[in-house]
1. What pairs come out if I take residues in the stretch 408-435 that are free of Cβ contacts under 8 Å to residues at least 40 places away in the same chain and pair them with residues that are aromatic (Phe, Trp, Tyr) whose C-beta lies under 7 Å away, six or more apart or interchain?
2. Considering only residues that are in a loop (DSSP other than H, G, I, E, B) and either under 12 Å from residue 441 (Cβ atoms) or modelled with pLDDT under 90 (or both), which ones fall in the stretch 396-426?
3. Which members of the stretch 592-609 meet the condition of being over 27 Å from the mean Cα position of the chain (by Cα) and of a type in the set (A, V, I, L, M, F, W, C)?
4. Residue under question is residue 664, and the condition is that it be surrounded by 21 or more Cβ atoms within 10 Å (Cβ to Cβ), in a loop (DSSP other than H, G, I, E, B), of a type outside the set (Gly, Ala, Ser) and on the phi < 0 side of the Ramachandran plot; does it hold?
5. Tell me whether the stretch 589-603 contains one or more residues that are out of contact with any Ser or Thr (no Cβ under 9 Å at 6 or more places or on another chain), farther than 19 Å from residue 653 by Cα, free of Cβ contacts under 8 Å to residues at least 12 places away in the same chain and not assigned by TED's automatic domain parsing to the domain that holds residue 515.
6. Can we say residue 423 is more than 26 Å from residue 515 (Cβ to Cβ), surrounded by 19 or more Cβ atoms within 10 Å (Cβ to Cβ) and more than 32 Å from the chain's Cα centre (by Cα)?
7. Identify all residues within the stretch 268-293 that are part of a helix (DSSP H, G or I), modelled with pLDDT of 80 or more and among the β-branched types (Val, Ile, Thr); write none if there are none.
8. Got at least one residue in the stretch 555-563 being within 26 Å of residue 671 (Cα to Cα) and either outside the structural domain of residue 658 (by TED's automatic domain parsing) or crowded, with 17+ Cβ neighbours inside 10 Å (or both)?
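The values are calculated or read from the model by the stated rules, or taken from the named source; none is laboratory data. Predicted model only: the values in this text are computed from it and were never measured. A quick note on method: Cβ atoms are made from the backbone with ideal geometry, for glycine too, and the neighbour counts reach across all protein chains shown.
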Amino acid sequence: MVFEEKVISNGDPQEEEEEEELVDPLETIRQKCEQTEHCVHAREKLEICETRVGSRSATTEDCTEELFDFLHARDHCMPPSVHSVTSKPPFHAQHQMFVFGRMASSDTSTLVQLCMQKVARHMDVLEERARDLPASLLKDLMPHLNMFYLDRIEQAAHLKVNDTPALPVEVYGDILRTNRTPNSLFQFMPPEADWKQKCMESFFHTVLLRPTLAQDPLPKVSAYALLSVSAQYVRVLSLQTTARDVCARLASEELRPVLHVLEKSVRCVRLLDARTLLKHGRTDVLFVLHRLIDHGAVTEVVLKRAPDRAILSWITARCRGRHRIRSAPAGSCRDEALWAREGPAAAKRSRLCLLADEEMGSEFSPSCSVPGRCPEGQVQCLDVEVHTLSTVSYLLPDCTGLHSCHLYCSQPLWENEVADLLESLRKLFLRPHCCLRDLSIGNVCERGLLARVLNTCPALYSLSLEINPPQDTSCSAWNHSLQFSTKLSLEKLSLKSSESQMMVESFPTVLQHVPMLSTLHVTGVRHARVLLQMLPEFNPLLKCLTLEDMSLADCHQEIIHLLENSSLQELSLKDCRLLEKCAEKKAFLALLVAAVKGLSSLRALSLCQNRLATSVIEIADLFLGECTSKITKLDLSSNFILPADLLAFSRRMDVYRPAQRLTLDLRFNPLDRDPELKGQALGKLLPCCNVLTDGWDSRSTMADHVSVM
């Protein structure tokens with residue numbers, strides 16, 4: 001049977017009844033179109049082709065081209081009203097759209113689209129004949145295929161349609177849109193591999209969590225087949241309480257091949273509420289973790305919502321690295337200085353960890369079919385959320401293979417816990433093979449923690465601290481003097497405070513000892529003026545600076561000085577009240593624009609949440625004159641920019657025209673106040689800018705804001 005015989009009905013009453021609802025509204029127009037000269041000629045060519053195929057004197061590809069020539073001829077002579085489609089799919093079609101892509105995203109009206117739907121229902125035939133189809137036909141078909149078969153024919157399709165790599169990207173983008181992803185993420189298409197990987201990873205979790213729902217649009221395809229195809233794209237695997245039987249399914253003989261694929265593809269395992277998960281199938285959960293971490297390629301583990309102590313102990317045992325710390329046998333010699341610093345308790349803890357590891361390993365061995373001793377995974381990144389840091393502090397000294405560690409306490413971290421944590425970190429950095437370079441600690445009530453951590457861990461490259469104000473104001477601060485024997489290696493520093501304008505002890509002094517600092521993010525800290533003055537002198541290599549929730553209304557001269565004496569590539573001044581006390585706004589903005597234009601290295605500028613309003617017009621002068629700014633990303637979101645202000649801004653941009661295409665963020669501005677002016681403004685911006693905008697309802701949002709004031 002030739003390809004088109006399975007795609008187009010040849011008199012089967014049952015099949016015609018199924019299509020009757022789709023065909024009837026176009027029957028009259030179709031008959032008229034078939035009487036035109038162009039369609040008559042196309043039909044004659046089609047009949048000749050069918051005759052040749054019947055006598056095997058021509059190829060299926062030739063006949064298929066003639067068939068679609070005829071369908072295109074009929075389609076193109078139809079009136080424009082027939083081509084109208086709805087812009088938004090009905091609610092019940094959302095899940096079908098997730099599987100089928102754009103085919104189900106609107107009410108199909110044209111004849112070509114009807115034919116594409118028919119072809120899409122015969123995926124088995126399409127897969128067999130993909131290499132025989134002409135490139136033009138494949139190009140038209142690909143947006144209408146479900147992603148299961150799109151992946152299977154993609155290689156064959158790209159061999160012929162190698163000049164249209166962006167086409168399948170649109171399909172995956174449409175599928176991701178059905179997952180309630182913010183529209184702003186789809187304004188600019190990332191590389192094809194990223195789109196496809198994210199889409200297939202999301203689809204894998206959908207099939208795994210709800211196999212029946214995922215199979216509805218693909219009744220002929222088993223859940224095993226869907227999982228097998230999408231598993232190779234999974235980089236982050238999430239296991240949570242809503243998927244209690246997921247581990248049991250992955251550990252079953254039926255899906256064991258899928259688990260083997262995951263072992264090669266998954267790089268990060270997210271385990272949410274492990275304690276509850278273990279209650280509903282401990283053996284299966286442990287087996288899946290064992291296969292992914294010990295036999296797989298997982299190097300990052302995320303444990304959230306009070307992880308089970310046994311699981312945490314077993315995972316941290318995988319953080320020891322290849323140079324393991326073993327307890328010294330009785331009577332053996334060891335470094336006396338190291339022993340004096342660590343004390344006998346450290347050796348006992350290591351011995352206990354080894355015993356716990358062996359006990360948990362015995363739970364895996366009955367299920368693991370690998371002969372001999374199983375390998376042991378190498379976890380390099382650990383992200384843990386616990387009630388108290390004492391749960392994990394005593395395990396840290398042996399984690400010499402850990403490169404990145406993120407610790408967050410659901411309860412505030414107090415002085416005694418800080419002391420235990422710092423002592424554990426000190427022991428870890430005394431190890432000769434310690435690899436920890438990235439440390440993050442959250443929810444700490446200790447203003448002097450920054451200096452204490454850097455004193456304890458001078459080899460850190462990246463440090464992030466979230467400091468909350470102490471509830472007990474009588475708590476004594478850390479009074480030790482800050483002393484560094486050498487310059488610190490720190491390259492990235494993030495300091496966040498939940499209390500606006502909070503004083504962080506020794507922060508200015510720390511900046512003097514980090515000459516290699518390239519990225520700095522500061523939120524809610526008081527030292528704005530001192531910070532801006534010190535950065536050009538002590539941190540000349542700074543490339544990315546983010547200041548958030550800091551009052552810079554009195555720091556205009558310092559901002560200009562920084563721009564004139566730095567090599568910044570990215571600058572973000574978010575919610576910094578830039579114009580709050582400014583009597584001459586135009587004068588300051590003129591100085592700011594001139595300084596930004598003079599900084600040739602700057603590529604990204606963010607001024608969001610500064611209530612620029614009508615002053616946004618002055619920002620357009622960045623691209624005025626011969627020496628224009630080199631920035632390619634400009635964030636003006638949340639600045640109360642009205643449509644009239646945006647129109648004035650766009651008129652200047654239309655005249656100045658940036659040398660490079662600009663990414664312009666205009667989200668969360670009340671542009672809905674005048675849709676007509678908004679449309680005019682965007683029309684002038686689009687030729688020179690990639691505009692990020694949204695359908696933000698400013699009136700209801702502001703009413704909600706006023707109601708809670």
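1. Listed by first residue and then by second, the contacts come to 424/394.
2. The answer is 414, and nothing else.
3. Correct list: 592, 593, 594, 595, 596, 599.
4. So residue 664 does not fit the description; no.
5. no
6. So residue 423 does not fit the description; no.
7. Residues satisfying the conditions are 283, 285, 288, 293.
8. So far as the stretch 555-563 goes, no, none of its residues is within 26 Å of residue 671 (Cα to Cα) and either outside the structural domain of residue 658 (by TED's automatic domain parsing) or crowded, with 17+ Cβ neighbours inside 10 Å (or both).
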